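Student: Structure provided below as structure tokens; questions to follow.
The values are calculated or read from the model by the stated rules, or taken from the named source; none is laboratory data. The shown structure was predicted, so the numbers you read here are calculated from the model rather than taken from an experiment. Here the Cβ positions follow ideal geometry from the backbone for every residue, glycine too, while neighbour counts run over all protein chains shown. For accessibility, only protein heavy atoms count, side chains too; no ligands or nucleic acids. Shrake-Rupley method; radii C 1.70, N 1.55, O 1.52, S 1.80 Å.
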Amino acid sequence: CNSLEDGEVDLDIPNLAYLDDEGGYHENPLRPYEPDTDTFDFPDKDLFHGLGSPFDAGTLIHFNRGCPWGCTFCGNNKYRKMYFPDRKDYMYTRDFLRMRSVDHALAEMRWLKENYDPGLLRVNDDDMCADEEWLEEFADRMTDAERIPYKCFVIPNNVNERTVDYLKRSGCEQIQMGVQSLTYKTRRMIGRPNTDEQIAKAVDLIREAGIGLYVDQIFGMPWEGEEDAKKTEQFYIDH
């Protein structure tokens with residue numbers, strides 16, 4: 001942006017990809033990502049506030065960046081290949097996950113509440129339960145000055161009695177959980193090696209806590225057949 005304001009783009013900027021005047025493609029070296037996400041200031045909500053629905057009903061926030069998983073159907077898989085090209089465990093390394101401090105997260109929530117008073121917060125983290133210790137501190141330190149009803153995204157592997165309690169106490173009212181498939185072979189192939197029992201327990205714990213639940217389910221995998229569809233149907237009937 002500074003380069004554009006100066007009137008001439010610096011073509012040596014890391015991360016920049018461009019076409020030259022002859023149509024040739026150039027891609028500059030990758031800039032390392034910033035591990036300390038507390039260095040980022042709060043986003044300027046004034047750009048959207050006052051525009052009407054849906055911006056006056058709720059707002060977005062991020063507590064972490066990255067994801068503890070690199071599922072084959074997700075953009076995180078591509079990012080992990082870019083940042084960890086020589087790592088055999090690139091799909092599962094937690095090195096890609098970067099957490100804001102609880103202090104910084106709560107400060108933004110207080111700022112949002114004081115300035116915009118949103119009715120709902122959408123936590124756009126790929127997995128709100130990815131760091132259990134962080135989530136516990138977040139719940140323990142939450143006060144009415146920060147508490148805003150929120151929805152979030154989770155992955156069954158990190159849902160247990162403790163994390164559900166932390167979510168409930170911190171104001172979570174709705175969860176969207178990535179199940180993707182009720183066929184173990186499919187989950188193995190797409191990078192989600194959790195068990196049917198883990199998924200069932202996660203569903204039951206969330207519902208027992210009185211938190212609204214949606215699930216993501218991918219249909220039409222080419223190797224799945226009618227029996228897989230029937231199993232999926234029965235699972236959701238049972239739970």
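Student: Would you confirm, using the coordinates I've provided, whether Gly220 is at positive phi, outside any strand (DSSP E or B) and under 22 Å from the mean Cα position of the chain (by Cα)?
Tutor: So Gly220 fails the test.
Student: Would you point out the residue of region 37-47, among those that are within 19 Å of Val102 (Cβ to Cβ) and in contact (Cβ under 8 Å) with a residue 24 or more places away in the chain, that is surrounded by the most Cβ atoms within 10 Å (Cβ to Cβ)?
Tutor: Only one residue fits best here, namely Thr37.
Student: Continuing with this model, one more query. For Gly210, are the conditions met, namely being modelled with pLDDT of 95 or more and at positive phi?
Tutor: yes
Student: Can Lys151 be described as basic (Lys, Arg) and over 17 Å from the mean Cα position of the chain (by Cα)?
Tutor: No.
Student: Considering each residue of region 133-159, count those that are under 21 Å from Asn194 (Cα atoms) and open to solvent by 30 Å² or more (accessible area, probe 1.4 Å), and give that number.
Tutor: Going through region 133-159 one residue at a time, the tally reaches 3.
Student: What number of residues in region 163-194 are open to solvent by 20 Å² or more (accessible area, probe 1.4 Å), within 28 Å of Tyr90 (Cα to Cα) and not hydroxyl-bearing (Ser, Thr, Tyr)?
Tutor: Residues flagged as open to solvent by 20 Å² or more (accessible area, probe 1.4 Å), within 28 Å of Tyr90 (Cα to Cα) and not hydroxyl-bearing (Ser, Thr, Tyr) within region 163-194 amount to 5.
Student: Filter region 17-34 down to the residues that are over 23 Å from Arg80 (Cβ atoms) and surrounded by 11 or more Cβ atoms within 10 Å (Cβ to Cβ) and list them by number.
Tutor: Tyr18
Student: Would you mind stating whether Gly50 is among the small types (Gly, Ala, Ser), at positive phi, open to solvent by less than 80 Å² (accessible area, probe 1.4 Å) and in contact (Cβ under 8 Å) with a residue 40 or more places away in the chain?
Tutor: no
Student: Return the residues of region 117-129 that are of a type in the set (A, V, I, L, M, F, W, C) and open to solvent by 10 Å² or more (accessible area, probe 1.4 Å); say none if nothing qualifies.
Tutor: Leu120
Student: Tell me which of these Glu197 doesn't satisfy, since it passes every other one: (1) closer than 23 Å to Ile237 by Cα; (2) assigned to a loop (DSSP other than H, G, I, E, B); (3) open to solvent by 10 Å² or more (accessible area, probe 1.4 Å).
Tutor: That leaves (2) as the condition not met.
Student: Related question: Looking only at region 88-107, count every residue that is at pLDDT 90 or above, touching a Lys or Arg at 6+ places or on another chain (Cβ under 9 Å), open to solvent by 30 Å² or more (accessible area, probe 1.4 Å) and not in a helix (DSSP H, G or I) and tell me the total.
Tutor: Matching residues across region 88-107 total 2.
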